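A.B. asks: There's a structure below that I have some questions on.
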Amino acid sequence: MSSATTNIESVLHEERVFPPPAEFSERAHVGSMEELEALRREARESPEAFWGRMAEGELHWFRKWDAVLKWEPPHAEWFVGGRINISYNCLDRHLQTWRRNKAAIIWEGEPGEQRTLTYGQLHREVARFANVLKRAGVERGDRVALYMPLIPELAIAMLACARVGAPHSVIFGGFAAQAIIDRVNDAGCKLVVTADGGFRRGSEVRLKDTVDEALKQTPSVKGCIVVQRTGSRVSMEAGRDYWWHEVIQTVADECPAEELDSEHPLYILYTSGTTGKPKGILHTTAGYLLQAHLTTKWVFDLREEDVYWCTADIGWVTGHSYVVYGPLSNGATVLMYEGAPNYPEPDRFWDIIQRHRVNVFYTAPTAIRAFIKWGEHWPLRHDLSSLRLLGTVGEPINPEAWMWYREIIGKAKCPIVDTWWQTETGAILISPLPGATPTKPGSATRPLPGVEAAVMSKTGQEAGPNEGGYLVIKRPWPSMLRTIWGDDERYRKQYWSEIDGVYFAGDGARQDEDGYFWIMGRVDDVINVSGHRLGTMEVESALVSHEAVAEAAVVGRPDELKGQGIVAFVTLEGERRATDELKEELRRHVAREIGALARPDEIRFADALPKTRSGKIMRRLLREIASSGGAVRGDTTTLEDFSVLERLRVQEEE
Ligand code: WT7
């Protein structure tokens, strides 16, 4: 290990605190702890007046609301009676200023091509595609699925949907056909927008082929619009499929933004839960925009001249809130990069930062750990002096990675914002403000103004300092999910019934003596792989759908790079033999069914799985076996058949 990294390790045992650099605070939107505390106090004392003041000052309204909040637990309505359009807020309102000719999106494709769209140009493209949507029969309230690579057309399509009031459902381009089928059918999407393909690590990902396979089983879909991105041959079904570049020629380039109700559905985004199919998280218009907008401004401390880069794929919530809606609403210049961080070499990100003079950089701990592994000579050979702020999201960041990020990328001068939030929360809830909050490596610090977070026991007692418990939010917030699409009962159960009267985030946490939050990861059967949640159930269902598999149990185990790796315990159908070929076949099968992200790192064959007397698989025991190499220390008194555990352990020692 290099000297820089070794130094970092030796200080890990200290409780280090990094106050914001004075030069940073001087120019920051929120430049001191006093200011931040004043905002917190204002929000705590009269939350509705606080959010009303923010909504008035930060957003454009066609009609002002009658009431800030209507709260009938667990259902919230924000800015009741207001009329607003997100696309208008992200585009039209900037056109009346000098920002008309400011770069909104600077895009770089993986092969290296570049495109820049000013706010004026982006507005025109969005209006044209909105007209295409209308021409395709999409009406206010209709759902549209977007399965696309990270190209400007994805942002254009989202903003066009928002313009006409058609909720979008973005499906990550790494998912397989079955995932598209499930999501499109659950939301009853009328239209799918895709591309022939995209580029990832030098090869083409053929999206249209996958869509063709999916559309055989999606009766609600009436049409498909295809962006020509890679130029490779795809099949186009007459009467159903249309090329984007052709239909866009046939429409007008003006399309007024619909005046939508504050609570009009903006999008559905699917995320993993513990049981059954993915949950369609529903976000609505005004409250979501307000908090995405405000957190972008505060947490990333955006300045007019910044080049801002969030590396997330738009297929995840981070891309929705912090590549598209938050930054564009603020009139920022957003950098977008289509491809992999290690193509053609492991310094692609640093090369991009140097060439585009990126000022604010937001990425995931899993990426940072990969950079560390690839070696610091890659970033060190680039000029990263334009950077002034660094951020992370997706999972707890280990202090060693935090320190490396600070020293090697930030040259000890950039504040780091470790931002805690979820698909369900819509926007960042716990984070430092870089000009105000002293940071501690590994802590997301404290809740933002207007967010009342706490750590509680299952019975709803607030935990004392350094006492572990469940992370909860005690008051509704504007960008909270409104429900689970088509399953309000599950919404109540999952988020509002675990602990009475509060939002249950599903994360373990503790607060230290300064009130700083330390997130300890998921407490449910959800695995966090590379910053993305995967339900163990989904991987299990994929495994069981293979004819050789009788039963499967999937658990996470610590993984140096990905945060968690996936281990699958599998029992086979009577006649099937446990071979290495079958292991490989099963890993491929899962990747085909769900996507490469879900491919198990390890498959273990067992003759039985440990179960309770009531027949529940004891994943906790499997987790211990998977991560500790056989030893099981926890309580096993509810185990039905001890010999099962014995046999799994013996297998471990072999
Ligand atoms: C889960 C949410 C929110 C965008 C990306 C993931 C974990 C997220 C942090 C953080 C510790 C974090 C939590 C959370 N998580 N950010 N800064 N520190 N853990 O969105 O797929 O909805 O996952 O990611 O476990 O519950 P998501």
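The values are calculated or read from the model by the stated rules, or taken from the named source; none is laboratory data. Just so it is clear, the model here is predicted, and its values are computed rather than measured. No Cβ is skipped: glycine too gets one built from the backbone with ideal geometry, and neighbour counts run over all protein chains shown. Ligands, DNA and RNA are excluded from the accessible area calculation, which covers all protein heavy atoms including side chains. Shrake-Rupley method; radii C 1.70, N 1.55, O 1.52, S 1.80 Å.
A.B. asks: So which of Ala596, Ala550 ends up being at pLDDT below 90 and open to solvent by 10 Å² or more (accessible area, probe 1.4 Å)?
C.D. replies: The match here is Ala550.
A.B. asks: Taking Arg576, is it in the same structural domain as Arg533 (by TED's automatic domain parsing), within 29 Å of the chain's Cα centre (by Cα), of a type outside the set (Ser, Thr, Tyr) and open to solvent by 50 Å² or more (accessible area, probe 1.4 Å)?
C.D. replies: no
A.B. asks: Which of (1) among the charged types (D, E, K, R); (2) more than 30 Å from Ala312 (Cβ to Cβ); (3) in contact with a strand residue (DSSP E or B) (Cβ under 9 Å, 6 or more places away or on another chain); (4) at pLDDT 90 or above is the odd one out, the single condition Asp601 does not satisfy?
C.D. replies: Unmet condition: (2).
A quick yes/no check of all residues on (1) more than 14 Å from the ligand (Cβ to nearest atom); (2) crowded, with 24+ Cβ neighbours inside 10 Å; (3) within 23 Å of Ser479 (Cβ to Cβ):
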{"position": "Pro346", "(1), (2), (3)": "yes, no, no"}
{"position": "Asn359", "(1), (2), (3)": "yes, no, no"}
{"position": "Ala364", "(1), (2), (3)": "no, no, yes"}
{"position": "Leu384", "(1), (2), (3)": "yes, no, no"}
{"position": "Pro396", "(1), (2), (3)": "no, no, yes"}
{"position": "Gly410", "(1), (2), (3)": "yes, no, no"}
{"position": "Lys413", "(1), (2), (3)": "yes, no, no"}
{"position": "Val417", "(1), (2), (3)": "no, yes, yes"}
{"position": "Leu429", "(1), (2), (3)": "no, yes, yes"}
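A.B. asks: Are any residues in the stretch 172-194 outside any strand (DSSP E or B) and in contact (Cβ under 8 Å) with a residue 60 or more places away in the chain, and if so, which ones?
C.D. replies: Phe172, Gly173, Gly174, Ala176, Gln178, Ala179, Asp182, Arg183, Asp186, Ala187
A.B. asks: On the basis of being more than 22 Å from the chain's Cα centre (by Cα), crowded, with 23+ Cβ neighbours inside 10 Å, at pLDDT 95 or above and more than 12 Å from the ligand (Cβ to nearest atom), does Ala454 make the cut?
C.D. replies: Details: more than 22 Å from the chain's Cα centre (by Cα): yes; crowded, with 23+ Cβ neighbours inside 10 Å: no; at pLDDT 95 or above: yes; more than 12 Å from the ligand (Cβ to nearest atom): yes.
Criteria not met by Ala454.
A.B. asks: Is it the case, given these coordinates, that Leu390 is away from the ligand (no atom under 11 Å from the Cβ) and open to solvent by less than 20 Å² (accessible area, probe 1.4 Å)? I'd like the intermediate steps shown before the answer.
C.D. replies: On the way: away from the ligand (no atom under 11 Å from the Cβ): yes; open to solvent by less than 20 Å² (accessible area, probe 1.4 Å): yes.
Criteria met by Leu390.
A.B. asks: Does Asp182 fit the bill of being surrounded by fewer than 20 Cβ atoms within 10 Å (Cβ to Cβ) and charged (D, E, K, R)?
C.D. replies: Taking the combined requirement at face value, the residue does not satisfy it.
A.B. asks: Does the stretch 366-373 contain any residue that is β-branched (Val, Ile, Thr) and open to solvent by 30 Å² or more (accessible area, probe 1.4 Å)?
C.D. replies: There is at least one residue in the stretch 366-373 that is β-branched (Val, Ile, Thr) and open to solvent by 30 Å² or more (accessible area, probe 1.4 Å).
A.B. asks: Restricting to the stretch 553-562, give me the number of residues that are open to solvent by less than 20 Å² (accessible area, probe 1.4 Å) and either more than 12 Å from the ligand (Cβ to nearest atom) or at pLDDT below 90 (or both).
C.D. replies: So the answer is 3.
A.B. asks: For the stretch 218-230, state whether one or more residues are under 17 Å from Val138 (Cβ atoms) and among the small types (Gly, Ala, Ser).
C.D. replies: yes
A.B. asks: Residue check: is Trp378 near the ligand (Cβ under 9 Å from one of its atoms), crowded, with 18+ Cβ neighbours inside 10 Å and touching a residue at least 12 places away in the same chain (Cβ under 8 Å)? Break it down stepwise before answering.
C.D. replies: Values: near the ligand (Cβ under 9 Å from one of its atoms): no; crowded, with 18+ Cβ neighbours inside 10 Å: yes; touching a residue at least 12 places away in the same chain (Cβ under 8 Å): yes.
So Trp378 does not fit the description; no.
A.B. asks: May I pose another question? For the stretch 252-264, does any single residue satisfy the condition of being surrounded by 19 or more Cβ atoms within 10 Å (Cβ to Cβ) and within 16 Å of the ligand (Cβ to nearest atom)?
C.D. replies: Within the stretch 252-264, not a single residue is surrounded by 19 or more Cβ atoms within 10 Å (Cβ to Cβ) and within 16 Å of the ligand (Cβ to nearest atom).
A.B. asks: Name every residue in the stretch 381-404 that is over 18 Å from the mean Cα position of the chain (by Cα) and touching a residue at least 60 places away in the same chain (Cβ under 8 Å), in order of residue number.
C.D. replies: Listed by number, the residues that qualify are Ser386, Arg388, Leu389, Pro399, Glu400, Met403, Trp404.
A.B. asks: Are any residues in the stretch 556-595 out of contact with any strand residue (DSSP E or B) (no Cβ under 6 Å at 6 or more places or on another chain), aliphatic (A, V, I, L, M), in a helix (DSSP H, G or I) and touching a residue at least 40 places away in the same chain (Cβ under 8 Å), and if so, which ones?
C.D. replies: Val590, Ala591
A.B. asks: Within the stretch 449-464, can you find the residues that are more than 30 Å from Glu407 (Cα to Cα) and in a loop (DSSP other than H, G, I, E, B)?
C.D. replies: Gly450, Val451, Glu452, Ser457, Lys458, Thr459, Gly460, Gln461, Ala463, Gly464
A.B. asks: Still on this model: Report yes if some residue within the stretch 193-200 is open to solvent by 10 Å² or more (accessible area, probe 1.4 Å) and more than 16 Å from the ligand (Cβ to nearest atom); otherwise report no. So that I can check it myself, show each step before the final result.
C.D. replies: Here is the first cut: in the stretch 193-200, the residues open to solvent by 10 Å² or more (accessible area, probe 1.4 Å) are 199-200.
Now narrow it down to the ones that are more than 16 Å from the ligand (Cβ to nearest atom): 199-200.
Taking every residue of the stretch 193-200 in turn, at least one turns out to be open to solvent by 10 Å² or more (accessible area, probe 1.4 Å) and more than 16 Å from the ligand (Cβ to nearest atom).
Okay, residues lined up against (1) in contact with a strand residue (DSSP E or B) (Cβ under 7 Å, 6 or more places away or on another chain); (2) touching a residue at least 60 places away in the same chain (Cβ under 8 Å); (3) not hydroxyl-bearing (Ser, Thr, Tyr):
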| position | (1), (2), (3) |
| --- | --- |
| Val80 | yes, yes, yes |
| Ile84 | yes, yes, yes |
| Asn89 | no, yes, yes |
| Arg99 | no, yes, yes |
| Thr116 | yes, no, no |
| Arg128 | no, yes, yes |
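A.B. asks: So for the stretch 267-275 (the condition being away from the ligand (no atom under 16 Å from the Cβ) and crowded, with 17+ Cβ neighbours inside 10 Å), does at least one residue qualify?
C.D. replies: No: the stretch 267-275 contains no residue that is away from the ligand (no atom under 16 Å from the Cβ) and crowded, with 17+ Cβ neighbours inside 10 Å.
A.B. asks: Quick one: would you say Arg533 is over 30 Å from Ala312 (Cβ atoms) and of a type in the set (D, E, K, R)? First the steps, then the outcome.
C.D. replies: On the way: over 30 Å from Ala312 (Cβ atoms): no; of a type in the set (D, E, K, R): yes.
So Arg533 does not fit the description; no.
A.B. asks: Report, by residue number, each residue of the stretch 312-332 that is open to solvent by 10 Å² or more (accessible area, probe 1.4 Å) and more than 12 Å from the ligand (Cβ to nearest atom).
C.D. replies: Answer for the stretch 312-332, where residues must be open to solvent by 10 Å² or more (accessible area, probe 1.4 Å) and more than 12 Å from the ligand (Cβ to nearest atom): just Asn330.
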